[in-house]
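To start, the structure itself, in C-alpha cells.
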Amino acid sequence: MLSPQITVRAHTNIALVKYWGKENQDLIIPMNGSLSLTLDHFYTDTSVQFDSNLKNDIFSLNGNIQNNLQVSKFLDIVRKKANIKLFARIDSVNHVPSTAGLASSASAYAALAAAASKAAGLNLNRQDLSKLARKGSGSACRSIYGGFVEWVKGYDDDSSYAVPIEEELDWEIGMLVAMVNRNEKKVSSRAGMQGVVETSPFYSAWVKSVNNDLINIKDAIKKRDFKLIGEITESNALRMHSLNLSATPHFNYFEPMSLEIMQAVEKIREEQNILCYYTLDAGPNVKILCQQKDAAIIKNELSQKFSNIEFEFAKPGPGIKYLNK
Ligand code: PMV
C-alpha cells in the first residue's frame, strides 16, 4: 500500500521576542510566549509518502540519506494520531543553512508536520498543524503562518500553538542576514535553553521581561512603529544571550565577527540615522531588522567592512504551502 506523496514548502521564521526555555520538555511547552517574522528567502520543501514495503523510515536531506532518530520519533506521533503503522520515505530540500542559528528546524518541522499528516490521511487545520510542528521543534509552530506570528505559551498540548498576528504584511520591512558561520552550532538550542532554565539566576527576570516585550511589540506592530519594534527586538535578543553568559556552565553563540557586526549596526544607526536592529539565535549569524528602502545601503556599508561575509536580504514570507495539490 502506498499513500499519496505530499510535498509542502515551509519558510523559516526569526523570533523578535525569543522562546528560550521549556516548561515541559516532552510536549515542548515554553516558559514564555514568543513572536516572530516569517521570511521569504529561507525555506524547506519536504515530501512524505508512506509505503507498506518499507521496513523503516528513509529520510534524505538535500539528496543524502540521514540517520535521524528525531524524524522517526516525530513520525511516530503522526502514525499514532492517524492510527497507521506504515513507514515513510521523507525527502527534504533545505534552502536554509542547516544548524547555524538560522532556525532551519523551524521550516523543517513545519513542512514535515504538514506533509506527513496529510500523507497519513489526517486533515489537520492550521492550529492543529502548529501544535504538531511544535513537538518537532518549538519554533516550528510559528512557521505554519506567514508574516508576524505569536506563539501563545499555553499550559498543555492543546493550548500551546501559534497564531498569526498579520499574515499579509503591507509593510516594506525585512531582515538582512549576515552568514558569519554556516557550520554546526556549538551548543544545541535544546541543551542551551535547558541549561539556562536550570542555572541562570536571571531566568525569572527574563520571563517577566518577555511578557512586557510581547505586549509592547504587538502594540508597536499595530501602530506601525518600526523603531519601537526594532528596539524591543534588539534588547530582547541581548537579554536572551545574557542568560547564556550567566548559566553554569556558561556558554555563548557569539563569534568575534558577530560582535563586530553588532557594533557596526549600532554605528550605522547612530551616525547615519538609519533604523536597523540586530538579533541572534542559537548561532553566530546576525540578522538585521530593517526597512526595505534601507537594505541596500546597510548591505553595502557592511559588505565593505566585512568583505568575506555573505549578506542575504529576506522579505516577510508566507505560511505553509502544499506544492502538489
Ligand atoms: O525551536 P528550537 O528548539 O530550535 O529553538 C529556537 C530558539 C531560538 O531560535 C533561539 C529562539 C526562537 O524563538 O526561535
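The values are calculated or read from the model by the stated rules, or taken from the named source; none is laboratory data. The model shown is predicted, which means the values in this text are computed figures rather than measured ones. Note that we place each Cβ from the backbone using ideal geometry, even for glycine, and neighbour counts take in every protein chain shown. Side chains are part of the model used for accessible areas, which takes the heavy atoms of the whole protein and leaves out ligands, DNA and RNA. Shrake-Rupley method; radii C 1.70, N 1.55, O 1.52, S 1.80 Å.
Take the stretch 84-99 and flag every residue that is at pLDDT 95 or above and in a loop (DSSP other than H, G, I, E, B).
Ile84, Lys85, Leu86
Within the stretch 238-260, does at least one residue satisfy the condition of being open to solvent by less than 70 Å² (accessible area, probe 1.4 Å), touching a helix residue (DSSP H, G or I) at 6+ places or on another chain (Cβ under 8 Å), among the small types (Gly, Ala, Ser) and more than 21 Å from Ser189 (Cβ to Cβ)?
For the stretch 238-260, residues open to solvent by less than 70 Å² (accessible area, probe 1.4 Å), touching a helix residue (DSSP H, G or I) at 6+ places or on another chain (Cβ under 8 Å), among the small types (Gly, Ala, Ser) and more than 21 Å from Ser189 (Cβ to Cβ): absent.
Tell me, please, whether a residue that is open to solvent by 30 Å² or more (accessible area, probe 1.4 Å), over 27 Å from Ser107 (Cα atoms) and touching a residue at least 12 places away in the same chain (Cβ under 8 Å) can be found in the stretch 273-281.
Yes - at least one qualifying residue is present in the stretch 273-281.
Can you tell me which of Asp40, Asp26, Asp45 is open to solvent by 10 Å² or more (accessible area, probe 1.4 Å) and without any contact (Cβ under 8 Å) to a residue 24 or more places away in the chain?
Within the list Asp40, Asp26, Asp45, the selection yields Asp26.
List pairs: first residue in the stretch 135-146 and within 16 Å of Asp281 (Cα to Cα), second residue among the hydroxyl-bearing types (Ser, Thr, Tyr) and more than 10 Å from the ligand (Cβ to nearest atom) anywhere in the structure, Cβ distance under 8 angstrom, at least six positions apart or on different chains.
Ala140/Ser107; Arg142/Thr38; Arg142/Ser130; Ser143/Thr38; Ser143/Ser107
I'd like to verify a number: residues in the stretch 160-178 that are among the polar types (S, T, N, Q) and either in a strand (DSSP E or B) or not assigned by TED's automatic domain parsing to the domain that holds Ala110 (or both), how many?
0
Could you tell me which numbered condition Asp157 fails, if it satisfies all but one of (1) outside any helix (DSSP H, G or I); (2) within 16 Å of the ligand (Cβ to nearest atom); (3) touching a Leu at 6+ places or on another chain (Cβ under 6 Å)?
All conditions pass for Asp157, except number (2).
Can you run down the residue pairs with Cβ atoms below 9 Å, 6 or more apart or on separate chains, where the first is in the stretch 290-319 and without any contact (Cβ under 8 Å) to a residue 12 or more places away in the chain and the partner is of a type in the set (D, E, K, R)?
Ser303/Glu310
Of the numbered conditions (1) in contact (Cβ under 8 Å) with a residue 60 or more places away in the chain; (2) of a type outside the set (Val, Ile, Thr); (3) under 26 Å from Ala314 (Cβ atoms), Gly63 satisfies every one except a single condition; which is it?
(1)
How many of the residues making up the stretch 66-87 are open to solvent by less than 80 Å² (accessible area, probe 1.4 Å), without any contact (Cβ under 8 Å) to a residue 24 or more places away in the chain and over 15 Å from Gln49 (Cα atoms)?
Residues flagged as open to solvent by less than 80 Å² (accessible area, probe 1.4 Å), without any contact (Cβ under 8 Å) to a residue 24 or more places away in the chain and over 15 Å from Gln49 (Cα atoms) within the stretch 66-87 amount to 2.
Give me a count of the residues in the stretch 227-237 that are under 21 Å from the mean Cα position of the chain (by Cα) and open to solvent by 70 Å² or more (accessible area, probe 1.4 Å).
1
Given the condition of a type outside the set (Lys, Arg) and open to solvent by 20 Å² or more (accessible area, probe 1.4 Å), answer yes or no: does some residue in the stretch 143-151 qualify?
Within the stretch 143-151 (the criterion being of a type outside the set (Lys, Arg) and open to solvent by 20 Å² or more (accessible area, probe 1.4 Å)), the answer is yes, since at least one residue qualifies.
Residues of the stretch 204-226 being open to solvent by 20 Å² or more (accessible area, probe 1.4 Å) and in contact with a Phe, Trp or Tyr (Cβ under 9 Å, 6 or more places away or on another chain), which ones?
The answer is Lys218, Arg224.
Contact list please: Cβ distance under 9 Å, first residue in the stretch 1-16 and surrounded by fewer than 20 Cβ atoms within 10 Å (Cβ to Cβ), second residue in a strand (DSSP E or B) and of a type in the set (Lys, Arg), pairs at least six apart or on different chains.
Gln5/Arg89
Does Ser188 meet the test of being within 16 Å of the ligand (Cβ to nearest atom), small (Gly, Ala, Ser) and touching a strand residue (DSSP E or B) at 6+ places or on another chain (Cβ under 7 Å)?
In short, no.
Residues Gly147, Gly121: which one is over 16 Å from Ser92 (Cα atoms) and within 16 Å of the ligand (Cβ to nearest atom)?
Going through Gly147, Gly121 in turn, just one is over 16 Å from Ser92 (Cα atoms) and within 16 Å of the ligand (Cβ to nearest atom): Gly147.
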